[in-house]
1. Starting with the highest mean, order 47-60, 138-151 by the number of other Cβ atoms within 10 Å, averaged over the residues of each peptide.
2. Between L20 and R93, what is the spin-label point distance in nm, taking each point 7 Å from the Cα along the Cα→C-beta axis?
3. Residue-wise, which Karplus ³J(HN,Hα) couplings in Hz belong to the stretch 127-142, taking 6.51 cos²θ - 1.76 cosθ + 1.60, θ = phi - 60°, and x for glycine or proline?
4. When ranked by the protection proxy of mean other Cβ atoms within 10 Å per residue, highest first, what sequence do the peptides 81-94, 105-118 form?
5. By how many nm would the segment from A148 to I125 lengthen if fully extended, with 0.36 nm per residue of separation less the alpha-carbon distance?
6. Could you check the spin-label model distance between D116 and S174? Points 7 Å from the Cα along Cα→Cβ, value in nm.
7. Could you give P(r) for the stretch 74-131, binned at 10 Å from zero, as whole percent values over all Cα-Cα pairs?
8. Can you compute the FRET efficiency between I71 and R102 using 1/(1 + (r/R0)^6), with r the Cβ-Cβ distance and R0 = 45 Å? Round to the nearest 0.05.
Amino acid sequence: MIRTTVSDDVAGWLDVLGPLTFYLVVWGLVFVGTAFFVGVFIPFLTGDGLLFGAGIVAGSTDRIDIWVLAIGVGVAAVAGDQVAFLLGRRYGRPYLESRKGRWVQGAVARTEKFYDLFGWWSVVIGRYMPWARVFVPVIAGVTRMPYAKFLTANVFGALSWAVLITVLGYFAASNPSVRPIAYIVAGVVIAASVVAGVRAWRQDRATRTSTDA
């Protein structure tokens, strides 16, 4: 069931686009997820769900190399966070305040507390949390976190997240011994991402509607 809900659409991309474009689309979605706030509203298409699905596709066909896919996802994740960090550093707090919607501003406030509490580790841990994944890099830039310090945390967090989740999806399809565990983990993480995305979209839409009225 999990395999059907996660990978069918992503597998369809491979059939339509071919291997090279498939890599580029997956990497591009991961990049824009944090670089341009896309992951706030569609975490399933830019985060854990995408990685699980792509990994499952790689485990089901020899057209996709799992290590090319996973390392490319890691590079895209690092690059996306770097862009978000530089935008926060360049434009400061007004850039965060330009993100309208009560839920978004609430997520910003929660992320600021999270960042203040964990510092360097917030960049690493935040990779595994849909709301923190998007906002921590920008807040790190706004607060002028030293560039080298952010880069080390970004590389460690992004690569571990990308490789772990993508490879887990791969083994869910290719290795019967770990398949049940992989599917359980996939289901929990993907469900959390979908719920977060739907909740964000509905609350932000309601806020915009009341503001316009």
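1. Order by mean packing, descending: 47-60, 138-151.
2. Rounded to a tenth, the inter-label distance reads 4.8 nm.
3. 4, 9, 10, x, 6, 5, 4, 7, 9, 4, x, 5, 5, 4, x, 4
4. Ranking the peptides 81-94, 105-118 by packing returns 81-94, 105-118.
5. Length gained between A148 and I125: 6.5 nm.
6. Between D116 and S174, the label points sit 4.6 nm apart.
7. 20, 54, 26, 0
8. With R0 = 45 Å, the Cβ-Cβ based efficiency is 0.75.
We did not get these values from a lab; they are worked out from the coordinates using the rules stated. If you're wondering where the values come from, they're calculated on a predicted model, not measured in any experiment. So basically every Cβ, Gly included, is an ideal-geometry build from the backbone, and we count neighbours across all protein chains shown.
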